[in-house]
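The values are calculated or read from the model by the stated rules, or taken from the named source; none is laboratory data. Computed from a predicted model, the values in this text were never measured in an experiment. Cβ atoms come from the backbone with ideal geometry, glycine included; neighbour counts cover every protein chain shown.
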Amino acid sequence: MSNPSLLILAGDGIGPEVMDEVKKIIDWYGDKRELQFDVTEDLVGGAAYDVHGTPLTDATMAKAQEVDAVLLGAVGGPKYDVLDFSVKPERGLLRLRKEMDLFANLRPAQCFDALADFSSLKRDIVAGLDIMIVRELTSGSYFGEPRGIFDLPNGEREGINTQRYTTSEIRRVARSAFDLARKRDNRVMSVEKANVMESGILWREEVSWVHENEYPDVQLDHMYADNCAMQLVRAPKQFDVIVTDNLFGDILSDCAAMLTGSLGMLPSASLGALMENGRPKAMYEPVHGSAPDIAGQGKANPIATILSFAMALRYSFDQGAEAERLENAIESVLASGARTADLLGPEGGKSISTSEMGDAIIKALDASL
Ligand code: IPM
Ligand code: MG
C-alpha cells in the first residue's frame, strides 16, 4: 500500500515558519513510528497571488482534491488589503473549504493546565476546559446568494449577504456534532438566533429532528448566539460540544480560543464527506491567522499548527494513540516551562523561538518511546 498523502499549503505571514516545525514532526513519525507520508507543497493566499495572480490556482485546487489531507498554515497580510475582493488571500482558503465541501469545522478549545494562568479569565473558570465547537463551514452568510455591493436608484449603495441554510446542510453538520458528543460527554448545545432569524428557526428544527430520530441518547440543548458568547466568558465549562453556523462559529471560536490563554494554541480540522478510501475529505489548519506583525522573526508559536497535525493523525489516519502521543509531548513541554513569546504572562520571562519549540516537542516525542 502506498503512503498516505499530504498537501502542505503554508501560505503567508507566520504560516511557513510554523509549518517548518510540523514538517519536523512529520519526519519524526516517518523515522521513529514507521508512519510515512508522501508530502507535496504548494502555494496559497498572498504567496500564490504573488506568483500566479490568484490566491489558489486550479492546479493546486485539483491537488487538494486528490490528497488524503491538506495541511494549511495561514493566509493574508496588509500587503494584500488593497487587492480586489475576488483575489484576496482569504478567497483561496474559502475556495478550498467550499470545493472540497468541508462542511464540519472542528475547533477544540482545551486549556492546558500549564497555561491556565495566561487566560484572560481566572484560573478556576478555565482550568480543565475542554470544549469542541463544530462550525458549519460551507454555507450560511459566507456563501449565500444574493451577495454583492449594488448601486441604488437614489444614489446610495447597498451591501448584501444572505444567511441561507437548507435541511441537508443543517442535518449533516448536526450529525457530526452528535457523533463527536458520543465520544465525549454526550452533550450538544445548538446555537443560533431563532428569536430573530428564520434561518435560526430552521436550524433549531432540523437539529432537533436529527436528535429525535437518530441520536436520542445524546443530550441536546439550544441557546441564542449572543447568550452563548456571554456564557463562554462566564462559565465556559458548562459546554461539551457546540454546533453552530458559519458566521456565529467564526466569532464564537475566536472567543473560546482566547479562554485557553493564547490563539497560538488552537488547532482545527475541517472535514467533508468520506472519500472512496474511507477517509473524509480533510483540511487541517490553526485557528490563528498569519500574524504579519511577527512574521519572519522566529517568534510565532507553532503549537496550534502542530496540534492540527495531531488532529490529522486522529481524524484522517485513524492514529488516535499517536495523536495523543503528540498532544502529551506538547503538554510536557509546556509543563517544563518552555514558552514562545505569546505564552509569556504579564510578568514576562524568557521565551524560546519557533524552531526551539519544535525541537523541544521532538525531544519530548523521543522521550515517549
Ligand atoms: C477563520 C478565519 C477565516 C474565516 C478568514 C481568514 C476567512 O477567520 O478560519 O476563522 O472567517 O473563516
Ligand atoms: Mg475566524
Open item on the list: Between L247, L252, which is within 15 Å of ligand 2 (Cβ to nearest atom) and either among the polar types (S, T, N, Q) or touching a strand residue (DSSP E or B) at 6+ places or on another chain (Cβ under 7 Å) (or both)?
Closed with: L252
- [ ] Please enumerate the residues belonging to the stretch 1-26 that are modelled with pLDDT under 95 and of a type in the set (A, V, I, L, M).
- [x] M1
Open item on the list: If I ask for residues that are of a type in the set (S, T, Y) and either part of a helix (DSSP H, G or I) or under 24 Å from the mean Cα position of the chain (by Cα) (or both), which ones from the stretch 321-367 would you list?
Closed with: S332, T340, S353, T354, S355
- [ ] Return the only residue of D240, D245, D254, D226 being within 16 Å of ligand 1 (Cβ to nearest atom), outside the structural domain of E21 (by TED's automatic domain parsing), in contact (Cβ under 8 Å) with a residue 24 or more places away in the chain and within 21 Å of V126 (Cα to Cα).
- [x] D254
Task: Single match in M197, M189 (criterion: out of contact with any helix residue (DSSP H, G or I) (no Cβ under 6 Å at 6 or more places or on another chain), surrounded by 19 or more Cβ atoms within 10 Å (Cβ to Cβ) and at negative phi) - done: M189
Open item on the list: What's the total number of residues in the stretch 280-320 that are within 15 Å of I25 (Cα to Cα), more than 11 Å from the chain's Cα centre (by Cα) and among the aliphatic types (A, V, I, L, M)?
Closed with: 5
Task: the stretch 185-243, subset of a type in the set (F, W, Y) and in a helix (DSSP H, G or I), residue nearest to R135 (Cα to Cα) - done: W203
